[in-house]
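J.: First, the structure itself, so that you have it in front of you.
Coordinate-derived values only; no laboratory data. Computed from a prediction, not measured in an experiment: that's the story for all the values here. Heads up, the Cβs are rebuilt from the backbone with ideal geometry, glycines too, and the neighbour counts pull from every protein chain shown.
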Amino acid sequence: MGRRLIDTAGLPDGWVTWEGPQWLEHFDRASTNGRRQSYIFDFTATPKVRAHADGSIDNDGRLRLVSDTGCPECGRPVVALFRRWHDEDRERIREDLAKRMRELGWHERHHRKLAAESRP
Ligand SMILES: [Zn+2]
């Protein structure tokens, strides 16, 4: 199965192996023109960043790894990195991620890729 990269625009090479501090630095860099809140990855192409069992990556709760949500249209699993700029709670994080996936045309994009690959 191919890797599906949808929400990785602006990420430099090497993000797959970044740990928490590198992601936090990147979110700061990416937030000079409006705050960058999340990156969303299909479950076939996820970053290797380590998180605690509750999903927190850093000890201050600024960055979370979210792995209990999916495509708002079909439920295909995703993994997201979420930068909590305003102490967003889990409910809010799920809402914001669903909103971003709708804005990105997430379902349309991963669905079309899958359909194209399954042609003979
Ligand atoms: Zn979908």
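J.: Hey, could you get me the Stokes-Einstein D for the range 15-115, Kirkwood radius over alpha-carbon pairs, 20 °C and 1.002 mPa s, rounded to whole µm² s⁻¹?
T.: 153 µm²/s
J.: Go through 104-110, 84-90 and give me the packing order, highest mean Cβ count within 10 Å leading.
T.: Top of the packing list down: 104-110, 84-90.
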